[in-house]
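The values are calculated or read from the model by the stated rules, or taken from the named source; none is laboratory data. This structure is a prediction, so every number in the text was calculated from the model and none was measured. Neighbour counts run over all protein chains shown; Cβ positions are idealised from the backbone, glycine included. Heavy atoms of the whole protein, side chains included, go into the accessibility calculation; ligands, DNA and RNA do not. Shrake-Rupley method; radii C 1.70, N 1.55, O 1.52, S 1.80 Å.
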Amino acid sequence: MHVRLNAPDSGNAVTGTMLDELLAVVAVPDPEVRVLVLSAAGDDFCLGGDRAEFADWLAEDPAGRGIRVAGEKARRVCEALSGSPAVTIARVQGKAVGAGFALALACDLRVGAENASFRLPELALGLPTAWGGLLPRLIHEVGAARVRELVLTGRAFGAAEAQALSVLQRVVPENELDQAVEAWAKPVARRPEAALRVTKALLNSYAAATRMADPSFLDAELMASVAAAGRRTTPRTPAPDTSHS
């Protein structure tokens, strides 16, 4: 099965509608599907959440209800990708930023073009890194010390570093992405269904057992609370200095 993010004019920015469409496909998996490929149209995989829609949600409800709803959908999408009985493959080209990074990381196998890059800009935007369970998954895959640096600096890093960090398992020229996906998908599709399903469940279970905690169910609440607090906080103009020497 192929699932494509198809809003190239916006850099495939994640909207509430896109989350609904992804949920409709991945939350109720077809038991006959053994491989699910997540790809994207255009030059970039995904430039993150739609900031205009985010601002609209806050304008409509300063308490952040719209952000909570979207955040819960994001968690369900990413959990469906990682927990699917099918093997999920992310096909990444160009930029994968924020929410796009999370969607790719939720997949079992991740191949990136040589021009792929990744970034976590949330802190610079005044938000926590709390979308779709990204942070606990990234710490588990990459390691706490490296993730701390990536989150706090918000710097972009390219495909070669992504492979060294295990964010990507393979890097190829962009015109070879489809062949790389097929090289993974073909043997997986031939595996006996029961053995594949149980093996995927075992891999997920063992991975979960090595995590000390996974509070990703709090992501939506954290994102909404910080966004709402940031909206209420306005910079103060310093009072004029009236002291005399």
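Rounded to the nearest 20 Debye, what is the dipole magnitude of the stretch 12-98 about its Cα centre when Lys and Arg each give +1 and Asp and Glu each give -1 at the C-beta? Provide the component values of the computation, followed by the final result.
Details: 9 positive and 13 negative charges, 64 e Å.
That gives a dipole near 300 debye.
Remark: the stretch 123-181 carries 48 Å² of accessible area per residue (probe radius 1.4 Å; ligands, DNA and RNA excluded).
Take the solvent-accessible surface of the protein heavy atoms, probe 1.4 Å, and return the percent of it on the stretch 129-197 that carbon and sulfur atoms account for.
On the way: 1910 of 3550 Å².
That share works out to 54 percent.
Amide H contacts under 5 Å for Val37: His2, Val3, Ile89, restricted to partners 5 or more places along the chain or on a different chain, H placed in the peptide plane at 1.01 Å from N. Taking all protein chains into account, the per residue accessible area for the stretch 52-119 stands at 33 Å² (1.4 Å probe).
Count Lys and Arg as plus one, Asp and Glu as minus one, and take only other residues whose Cβ is under 15 Å from that of Ala40; the net charge is then -3. Here the label points at Val188 and Asp43, each 7 Å from Cα along the C-beta direction, are separated by 2.9 nm in the simple model. Residues in the stretch 64-93, backbone N under 19 Å from the label point at Ala195 (7 Å along the Cα-to-beta-carbon vector): list them, ranges by number please. 85-88, by backbone N distance to the label point.
Each other residue within a Cβ distance under 9 Å of Leu165 adds +1 if Lys or Arg and -1 if Asp or Glu, for a net charge of -1.
Want the number for Ser205 to Glu174: 0.36 nm per residue separation, take away the alpha-carbon distance, what's left?
Working: separation 31, 0.36 × 31 = 11.16 nm, distance 3.32 nm.
Value of the extension gain: 7.8 nm.
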